Amino acid sequence: AALLDSRSVRSAPAVLAAAGVVGGATYDGLVALAARSAGLPLATRDRRAQSTYRLLDVAVESLV
């Protein structure tokens, strides 16, 4: 499981805003930050979310 530590939770709004992640994409952004914090890649079928993951420099594999 990948979880955000308290420091990452506090900085998440600023990190997401700096990357241009807003609105509904913030959920995908939180998933990406948790994976990045844990050093894990993401695998997804959600094409829309892939751009958010890449904005946050998270390795992502498309399952589509």
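Read-outs: derived from the displayed coordinates by stated rules, not from any lab. Not measured: the values here are computed from a predicted model. Quick reminder, even Gly has a Cβ in these numbers, built from the backbone with ideal geometry, and neighbours come from all protein chains shown.
Some notes on this structure:
- Ala14 paired with Val64, simple spin-label distance in nm, labels 7 Å along Cα-to-beta-carbon: 3.4 nm
- Average projected area [Cα convex hull, the chain], square nanometres: 4.0 nm²
- Computed helical MRE - 222 nm, the chain, DSSP H runs ≥ 4 contributing -39500 (n - 2.57), nearest 500: -17500 deg cm²/dmol
- The GNM of the chain, with springs linking C-alpha atoms under 10 angstrom apart, assigns the highest mean-square fluctuation among Ser37, Ser51, Ser11 to Ser11.
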